[in-house]
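Colleague: Got a structure here, written out as structure tokens. Questions coming.
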Amino acid sequence: MCHEHLITSKQLSRADIEQVLDRAAEIAADPDAVAGRHVGTLLGLLFFEPSTRTKMSFETAMKRLGGDVVDMGSIESSSVTKGESLADTVRVIEGYADALVLRHPKQGSATMASEFVDVPLVNAGDGAGHHPTQTLLDLYTIRESAGLDDLTIGIMGDLKYGRTVHSLAYALTNFDAQQHFISPESLRLPREVVYDLHQEGASVREHDGLEAVLPSLDVLYVTRIQRERFPDENEYQQVAGEYQIDAADLEAANDDLTVMHPLPRVDEIAPDVDETSHAAYFEQAHNGVPVRMALLDLLIGGSQ
Amino acid sequence: MSADHELRVSKIRNGTVIDHVHGGQALNVLTILGIDGSEGEEVSVGINVPSDRLARKDIVKVEGRELSQDEVDVLSLIAPDATINIVREYDVVEKHRVERPAVVDGVLSCPNPNCITTDSEPVTSTFDVLDDGVRCAYCETIVREDIADLIDG
Ligand SMILES: [Zn+2]
């Protein structure tokens, strides 16, 4: 990869994506081959909002490469509560670590932070902005199960606030993918995202319900509809049920349909789907480790 | 345009005349240029003056100051049809239209309260200029209307 930092999936070309996924596949096939590759490398974890899963996944990836991690502890006990700017924090931690991973509640935080550091910086989520490493592990999972070309994908749930959805949609514009977006009216894709997708010449269709498109899908990517997005509980109850799937619903689907979810799920995918051949969400979560190992290896460089 | 209309705003000796500003935008033009008279500049403003090209236009005359190309480019965001006349010894020595820049730095504030540039970080706001608006280079919010409201006052 020719990039110094990974901030958004928009910056990734098809060649970049394939390089990371190919490397991840090599690592998944033979993890021992890279076990000591980055002994002595320290990864700085800067998590300004809680995210146990993503943080542990990066931590595991770095340790499996032979390196280690340093983090800033809980937000409450850090200098952030004393009013230190993000720009100052990253400049200080840059002196301790060989690469940084940043999760921050503000949009654009990773872009800004990357302007202040010389070590590689990976965006692990900037508010409603981007989450490119989630996208890479999603793409890895899709490639393993359905392939990335001639793909028909349905993306269903909260498309408005879901940064994983936006990141994935951008990345898929590099491939021959038909994208169907399924959501309640109030949670449609932001117009800015649709604007960008059209600029990229992507095939984008929006739907209120799943039935009509389900049989044509190779992949169904489900995200959670958050109760707190709705001003009124009744309104939530009305829409939520329509965007939940169970094993019986999937009888109308292609036998090879892959069901994905960035997790954690609540009730949008019923537990009986777990037992079907469609379920790929746990495997998807596990893929985060080889994909992040591949990414860190490429960003930090293979000099050791 | 008759001489009568022209007289509504006095002639300047040396400086810049910004003509064909859309009606009601003259004060925003001054804000975007950072001109508030506190430096002793002599500024004349005509608001909603009758015009041949625009039904009503604003006109701004700044004595003793020639605008830079950067300043003129930024003006294009709120005054896309403006003409810039550089005046020396009462004569117009240069006349040109504004051109839209690719990027504007440090002029507009992002309207997204969740954007990192709205925190007290040492960062200059940067907007990419689109065909039909501007877009924050940090949070990617697109603004199409009321761009003048984003001008740092
Ligand atoms: Zn912004």
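The values are calculated or read from the model by the stated rules, or taken from the named source; none is laboratory data. Predicted model only: the values in this text are computed from it and were never measured. Ideal geometry is used to build each Cβ from the backbone, glycine not excepted, and the neighbour counts take in all protein chains shown. Keep in mind that these areas ignore ligands, DNA and RNA; they rest on the heavy atoms of the full protein, side chains included. Shrake-Rupley method; radii C 1.70, N 1.55, O 1.52, S 1.80 Å.
Colleague: Quick one: would you say B:L77 is away from chain A (no Cβ under 14 Å) and under 30 Å from A:P105 (Cβ atoms)?
Modeller: Here the answer is yes, as B:L77 does meet what is asked.
Colleague: On to the next question. Starting from residues that are more than 9 Å from the ligand (Cβ to nearest atom) and on the phi > 0 side of the Ramachandran plot, keep the ones in the range B:130-153 and report whichever is farthest from the other protein chains (Cβ to nearest Cβ). Spell out how you get there, then give the answer.
Modeller: Of the residues in the range B:130-153, the ones more than 9 Å from the ligand (Cβ to nearest atom) are B:130-134, B:142-153.
Then drop every residue that is not on the phi > 0 side of the Ramachandran plot, which leaves B:133, B:146.
Working: B:G133: 10, B:D146: 16 Å.
Looking at residues that are more than 9 Å from the ligand (Cβ to nearest atom) and on the phi > 0 side of the Ramachandran plot, I get B:D146.
Colleague: Also: Looking at A:L210, A:L295, A:L263, A:L197 in this structure, which one is surrounded by 13 or more Cβ atoms within 10 Å (Cβ to Cβ), on the phi > 0 side of the Ramachandran plot and not polar (S, T, N, Q)? Step through it out loud before you land on a result.
Modeller: Details: A:L210 fails: on the phi > 0 side of the Ramachandran plot; A:L295 fails: on the phi > 0 side of the Ramachandran plot; A:L197 fails: on the phi > 0 side of the Ramachandran plot.
Checking each option against the conditions leaves just A:L263.
Colleague: Counting just the residues of the range A:91-117 that are polar (S, T, N, Q) and at the interface with chain B (Cβ under 8 Å from one of its Cβ atoms), which one comes out nearest to the ligand (Cβ to nearest atom)?
Modeller: A:Q107
Colleague: Quick one: count up the residues across the range B:29-58 that are basic (K, R), open to solvent by 80 Å² or more (accessible area, probe 1.4 Å) and touching an Asp or Glu at 6+ places or on another chain (Cβ under 9 Å).
Modeller: Residues in the range B:29-58 being basic (K, R), open to solvent by 80 Å² or more (accessible area, probe 1.4 Å) and touching an Asp or Glu at 6+ places or on another chain (Cβ under 9 Å): 1 in total.
Colleague: Name, by its number, the condition in (1) away from the ligand (no atom under 14 Å from the Cβ); (2) farther than 29 Å from A:H278 by Cβ; (3) touching a helix residue (DSSP H, G or I) at 6+ places or on another chain (Cβ under 8 Å) that does not hold for A:D158.
Modeller: Every listed condition holds for A:D158 apart from (2).
Colleague: List every residue pair whose Cβ atoms sit under 6 Å apart, with the two residues 6 or more apart in sequence or on different chains, where the first one lies in the range B:109-126 and is more than 8 Å from the ligand (Cβ to nearest atom) and the second, anywhere, is assigned to a strand (DSSP E or B) and of a type in the set (S, T, N, Q).
Modeller: Between residues of the range B:109-126 that are more than 8 Å from the ligand (Cβ to nearest atom) and residues that are assigned to a strand (DSSP E or B) and of a type in the set (S, T, N, Q), the close pairs are B:N114/A:Q107.
Colleague: What is the one condition in (1) within 25 Å of A:H166 (Cα to Cα); (2) more than 22 Å from the chain's Cα centre (by Cα) that A:T276 does not satisfy?
Modeller: A:T276 satisfies all of (1) within 25 Å of A:H166 (Cα to Cα); (2) more than 22 Å from the chain's Cα centre (by Cα) except (1).
Colleague: Scan the range B:101-115 and give yes if some residue there is in contact with a Gly (Cβ under 7 Å, 6 or more places away or on another chain) and within 30 Å of A:H131 (Cβ to Cβ), otherwise no.
Modeller: Looking through the range B:101-115, at least one residue is in contact with a Gly (Cβ under 7 Å, 6 or more places away or on another chain) and within 30 Å of A:H131 (Cβ to Cβ).
Colleague: Being under 14 Å from the mean Cα position of the chain (by Cα) and among the hydrophobic types (A, V, I, L, M, F, W, C): is that true of A:I155 here?
Modeller: Against the criterion (under 14 Å from the mean Cα position of the chain (by Cα) and among the hydrophobic types (A, V, I, L, M, F, W, C)), A:I155 qualifies.
Colleague: Same structure, new question: Restricting to the range A:118-149, give me the number of residues that are away from the ligand (no atom under 14 Å from the Cβ), within 14 Å of chain B (Cβ to nearest Cβ) and surrounded by fewer than 24 Cβ atoms within 10 Å (Cβ to Cβ).
Modeller: The total comes to 0.
Colleague: What are the pairs, 6+ residues apart or on separate chains, where a residue within the range A:276-304 that is closer than 15 Å to A:T135 by Cα has its Cβ under 6 Å from a residue that is at pLDDT 95 or above and in a loop (DSSP other than H, G, I, E, B)?
Modeller: Close Cβ pairs satisfying both conditions: A:Y281/A:H261; A:M293/A:L65.
Colleague: Please identify the pairs in which a residue from the range B:133-144 that is farther than 18 Å from B:D119 by Cα and in contact (Cβ under 8 Å) with a residue 12 or more places away in the chain has its Cβ atom under 9 Å from the Cβ atom of a residue that is more than 9 Å from the ligand (Cβ to nearest atom) and small (G, A, S), counting only partners at least 6 apart or on another chain.
Modeller: Qualifying pairs under 9 Å: B:I142/B:G133; B:V143/B:G133; B:R144/B:G133.
Colleague: Let me ask something else. Could you please find all residues in the range B:100-129 being at the interface with chain A (Cβ under 9 Å from one of its Cβ atoms) and either of a type outside the set (G, A, S) or open to solvent by less than 20 Å² (accessible area, probe 1.4 Å) (or both)? It would help to see each step written out before you state the result.
Modeller: Applying the first criterion (at the interface with chain A (Cβ under 9 Å from one of its Cβ atoms)) to the range B:100-129 yields B:110, B:112, B:114-123.
Within the range B:100-129, B:C110, B:N112, B:N114, B:C115, B:I116, B:T117, B:T118, B:D119, B:E121, B:P122, B:V123 qualify.
Colleague: Where the second residue is among the β-branched types (V, I, T) and the first is assigned to a helix (DSSP H, G or I) and lies in the range A:248-262, which pairs have Cβ atoms under 8 Å and are six or more apart or on separate chains?
Modeller: Once the first residue is assigned to a helix (DSSP H, G or I) and sits in the range A:248-262, its partners that are among the β-branched types (V, I, T) give A:L250/A:V259; A:L250/A:V273; A:L250/A:T276.
Colleague: Turning to a different aspect of this structure: Of these, B:V72, B:V93, which one is away from the ligand (no atom under 16 Å from the Cβ), hydrophobic (A, V, I, L, M, F, W, C) and surrounded by fewer than 17 Cβ atoms within 10 Å (Cβ to Cβ)?
Modeller: B:V93
Colleague: Checking the conditions here, which among A:E206, A:E228 is free of Cβ contacts under 8 Å to residues at least 12 places away in the same chain, of a type in the set (D, E) and within 30 Å of A:K10 (Cβ to Cβ)?
Modeller: Of A:E206, A:E228, the one residue that is free of Cβ contacts under 8 Å to residues at least 12 places away in the same chain, of a type in the set (D, E) and within 30 Å of A:K10 (Cβ to Cβ) is A:E228.
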